[in-house]
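A short write-up of the structure that comes next.
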Amino acid sequence: MTARPTSFAFATATEILFGRGKARETVPALAALGERIMVVCGADAGRAAWLCDALEAEGRHVLRFQVPGEPDMDLIDAGVSAARAAAVDAVIALGGGAAIDAGKAIAALVPSERPMLDHLEVVGRGLPLEAAPLPFAAIPTTAGTGTEVTRNAVISVPEARRKVSLRDLAMLPRLAIVDPALTDGCPRGVTLASGLDAITQVMEPYLCTRANPLTDALCRDAIPAGLAALPRLMAGEDPEARDAMAWVSLCGGLALANAGLGVIHGLAGPLGGLSGAAHGAICGALLPHGLALNAARAKDTEVQRRFDEIRGWIASAIPAAEGDAFGALATWSTRCGLPGLDALGVSAEDRAAAAEAAATSSSMKANPVALTVSELKAMMEAAR
């Protein structure tokens, strides 16, 4: 990464609306997406009641579809079947990353004549969509995944014990509404895990081999902002910190979709499929150890400079000595209640399989250094 790219591409949602109160303000725009709208929500369906009521008040027919956990193929198939039976012509997802990924996949597959496996990466054929998705809008209620502005949906394939992506440029949402007020009062554990995932998703694109000037601009602002805001939320509810984390999460989605990720997400995908553990918690557990491993192996002077920046930002936020920044981050996360891999139910067999599977992960392709299977195993051992 000694030279910055002379050309790059950047793609995102057609329209992004950010700010407190935006979700309710934009109901007319959401209603304009279609006449028969599927609203995809998370485990607590009551959180989407206001949206369903508002759309019905606009004269729209609303089909509710609940996503109780991270989406798998059966759930997506059920959603697609329900949407087709109701002649749905638009999809809106309100919830965390699981709900938004499910909504994004359903909107993409309803017009498709091919089976889902034809379009899935790794376990399927990875074919592009042959028909345009239904109009889709995303409204996150957690600050973590940034999936409201990405072109893929992560889907669990239990038979293969993998989480893989359905990915196509056409899957970028028509409308992304990031209203930090919807994250107010999010449980402390969810805030911690999703917040560390958001921070990971601005650190990895900043360090990866496909970083570009536009993603750098987003990440360079968002990394210290996230590291400052998350400790405030661990101390107590803080609307300004919620706003900051919503911004960091959005930046992470924009950056990862247009640059890449690295070893932390390269391992988190397989580990989640193998163990069923929550994605954000896995990323949080791996983050300090992935940073330490990559920093120790990096030879490129520009990459080293970026690691030095990140050490400084962490040390300022924790606070800690810069030389011990990564270790201090691990200690702080544990003290705040983040479980290690053992407590998340990740076994030794899962770790060994994930180390092998990471080689085929799309996230690992942009990692700033090449890592061996034995190095990946040692990294996960440290994260136990």
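Return yes or no: is V27 within 22 Å of T142 (Cβ to Cβ) and either open to solvent by less than 40 Å² (accessible area, probe 1.4 Å) or modelled with pLDDT of 95 or more (or both)?
Numbers: within 22 Å of T142 (Cβ to Cβ): yes; either open to solvent by less than 40 Å² (accessible area, probe 1.4 Å) or modelled with pLDDT of 95 or more (or both): yes.
Considered against the rule, which asks whether it is within 22 Å of T142 (Cβ to Cβ) and either open to solvent by less than 40 Å² (accessible area, probe 1.4 Å) or modelled with pLDDT of 95 or more (or both), V27 comes out as yes.
For region 334-356, which residues satisfy the criterion of being crowded, with 22+ Cβ neighbours inside 10 Å and either without any contact (Cβ under 8 Å) to a residue 12 or more places away in the chain or among the small types (G, A, S) (or both)?
Result: A354, A355.
Mind checking whether some residue in region 273-281 is modelled with pLDDT of 95 or more, over 15 Å from the mean Cα position of the chain (by Cα) and open to solvent by 50 Å² or more (accessible area, probe 1.4 Å)?
Taking every residue of region 273-281 in turn, none turns out to be modelled with pLDDT of 95 or more, over 15 Å from the mean Cα position of the chain (by Cα) and open to solvent by 50 Å² or more (accessible area, probe 1.4 Å).
Just give me the residues in region 183-204 being assigned to a helix (DSSP H, G or I) and surrounded by fewer than 24 Cβ atoms within 10 Å (Cβ to Cβ), in sequence order. Before the answer, list the steps.
Initial filter on region 183-204 (assigned to a helix (DSSP H, G or I)): 183, 188-204.
Listed by number, the residues that qualify are R188, G189, V190, L192.
Quick check: is even one residue across region 191-203 touching a Gly at 6+ places or on another chain (Cβ under 7 Å) and of a type in the set (S, T, N, Q)?
yes
Identify, please: which residue in region 58-79 is assigned to a loop (DSSP other than H, G, I, E, B) and among the charged types (D, E, K, R) and is, among those, surrounded by the fewest Cβ atoms within 10 Å (Cβ to Cβ)?
So, considering only residues that are assigned to a loop (DSSP other than H, G, I, E, B) and among the charged types (D, E, K, R), the one surrounded by the fewest Cβ atoms within 10 Å (Cβ to Cβ) is E58.
For A357, which of the numbered conditions (1) at pLDDT 95 or above; (2) in a helix (DSSP H, G or I); (3) of a type in the set (A, V, I, L, M) fails to hold?
(1)
Of all residues in region 30-42 being touching a residue at least 40 places away in the same chain (Cβ under 8 Å) and open to solvent by 50 Å² or more (accessible area, probe 1.4 Å), which is farthest from A86 (Cα to Cα)?
This residue is E35.
Scan region 328-354 for residues that are touching a helix residue (DSSP H, G or I) at 6+ places or on another chain (Cβ under 7 Å), closer than 18 Å to L196 by Cα and part of a loop (DSSP other than H, G, I, E, B) and jot them down.
Of everything in region 328-354, those that are touching a helix residue (DSSP H, G or I) at 6+ places or on another chain (Cβ under 7 Å), closer than 18 Å to L196 by Cα and part of a loop (DSSP other than H, G, I, E, B) turn out to be C336, G337, L338, P339, G340, L341, L344.
Evaluate the following for P368: is it touching a Leu at 6+ places or on another chain (Cβ under 6 Å) and not in a helix (DSSP H, G or I)?
Details: touching a Leu at 6+ places or on another chain (Cβ under 6 Å): yes; not in a helix (DSSP H, G or I): yes.
So P368 fits the description; yes.
Among the candidates V110, V91, V67, which residue alone is without any contact (Cβ under 8 Å) to a residue 60 or more places away in the chain, within 30 Å of G46 (Cβ to Cβ) and touching a Phe, Trp or Tyr at 6+ places or on another chain (Cβ under 6 Å)?
V91
The values are calculated or read from the model by the stated rules, or taken from the named source; none is laboratory data. Just so it is clear, the structure is predicted and the values come from calculations on it, not from any experiment. With ideal geometry, Cβ positions are generated from the backbone for all residues, glycine too; neighbour counts draw on all protein chains shown. Just the protein is used for accessible areas: all its heavy atoms, side chains included, with ligands, DNA and RNA removed. Shrake-Rupley method; radii C 1.70, N 1.55, O 1.52, S 1.80 Å.
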